[in-house]
Each structure stands twice: as structure tokens, then as C-alpha cells.
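Colleague: Handing you a structure now.
The values are calculated or read from the model by the stated rules, or taken from the named source; none is laboratory data. Remember, predicted model here, so these are calculated numbers, not experimental data. Note that each Cβ is placed from the backbone with ideal geometry, even for glycine, and that neighbours are counted across all protein chains shown. Accessible surface is based on the protein model in full, side chains and every heavy atom, while ligands, DNA and RNA are left aside. Shrake-Rupley method; radii C 1.70, N 1.55, O 1.52, S 1.80 Å.
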Amino acid sequence: RHPAETAQSILRFVEEFELMNGLNISYEQALEAWTLLNKHIIKKHYCSDEDWIFLHIDQLFNSDSLDHLTKITKAKVNKSFLKGNRIRTVSSKEVPQEAMKVYTKLCELADYYPQ
């Protein structure tokens, strides 16, 4: 998921869920957390012998992508949520170059090329 949308979603989550009311996090902090987490995954796990499957969030709402996931994992994937309404956080806020570099790499690993 695009880092700006993820950061905005984190802020919305903190605002909407009572259990999170005590958490004070800024947009910049949410972006930094997103960047550090995904850099860690790429550096420590993807480059290891472990098997990782990368999917962009938009691929999760595509039947063909879920069929591919089912084939790779040999697990049954419940597609019932494909018909549901999903609330998406959209953001066009600025994102640091480092976050965009990580996002581009994740999209590449997912074989997803946003327009």
C-alpha cells in the first residue's frame, strides 16, 4: 500500500478506535514506522532463504491475484470480501524519497505497477 495512504490510515485508526486514544502519532512518525518496517522486511527477510510473497493491497481485491495466492500457498482463500464495500483511506500528501524508494521496491516484488 502506498506509504501516504498507510500513514493516513494509521492516523484514522488511532482517531476512530477508543483503545488507541492514548497514542499520539504524527503523519511523519507513521511514515517513518512504515518505512522502517518495510526496509527491515526487505533487508532481513526477503534477502534470506525464507519464502515471501508480496502483494499490493489492490491485488488483494482482484480474483486473479487471489487465485495466484491460493496456488502458491496451497491454502484456501476466502474471496467473500471481494464483494464487500471497503473503506479506503486516500492521501496525496508528500512522501519522503526514502519511503518512495521502499514502496517502489515492494511494488516490484509484488509485480504490481501503479499508474
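Colleague: Hey, among V95, V77, which residue is in a loop (DSSP other than H, G, I, E, B) and farther than 22 Å from I10 by Cβ?
Modeller: On the way: V95 fails: farther than 22 Å from I10 by Cβ.
None of the other options fit; the residue is V77.
Colleague: When you look at I53, is it in contact (Cβ under 8 Å) with a residue 12 or more places away in the chain, part of a loop (DSSP other than H, G, I, E, B) and under 18 Å from Y112 (Cα atoms), yes or no?
Modeller: It is true that I53 is in contact (Cβ under 8 Å) with a residue 12 or more places away in the chain, part of a loop (DSSP other than H, G, I, E, B) and under 18 Å from Y112 (Cα atoms).
Colleague: Continuing with the same structure: Return the only residue of K43, K39 being touching an Asp or Glu at 6+ places or on another chain (Cβ under 9 Å) and open to solvent by 70 Å² or more (accessible area, probe 1.4 Å). Let's see the steps before the verdict.
Modeller: Numbers: K43 fails: touching an Asp or Glu at 6+ places or on another chain (Cβ under 9 Å).
Testing whether each residue is touching an Asp or Glu at 6+ places or on another chain (Cβ under 9 Å) and open to solvent by 70 Å² or more (accessible area, probe 1.4 Å) leaves just K39.
Colleague: Can you name the residue in segment 60-115 that is free of Cβ contacts under 8 Å to residues at least 40 places away in the same chain and of a type in the set (K, R) and is also nearest to E16 (Cα to Cα) among such residues?
Modeller: The qualifying residue nearest to E16 (Cα to Cα) is R86.
Colleague: All but one of (1) closer than 15 Å to A4 by Cβ; (2) open to solvent by 100 Å² or more (accessible area, probe 1.4 Å); (3) assigned to a loop (DSSP other than H, G, I, E, B) hold for P114; state the number of the condition that does not hold.
Modeller: If we test P114 against (1) closer than 15 Å to A4 by Cβ; (2) open to solvent by 100 Å² or more (accessible area, probe 1.4 Å); (3) assigned to a loop (DSSP other than H, G, I, E, B), just (2) comes out false.
Colleague: Given the criteria at pLDDT 85 or above, more than 17 Å from the chain's Cα centre (by Cα) and not β-branched (V, I, T), does K74 qualify? Steps first, answer last, please.
Modeller: Numbers: at pLDDT 85 or above: yes; more than 17 Å from the chain's Cα centre (by Cα): yes; not β-branched (V, I, T): yes.
Yes: the conditions hold for K74.
Colleague: I've got another one for you. Residue by residue through segment 1-54, note down the ones that are of a type in the set (K, R) and touching a Leu at 6+ places or on another chain (Cβ under 7 Å).
Modeller: First pass over segment 1-54, keeping only residues of a type in the set (K, R): 1, 12, 39, 43-44.
Selection gives nothing.
Colleague: So, in segment 8-28, how many residues would count as being assigned to a helix (DSSP H, G or I) and open to solvent by 90 Å² or more (accessible area, probe 1.4 Å)?
Modeller: Qualifying residue count, segment 8-28: 6.
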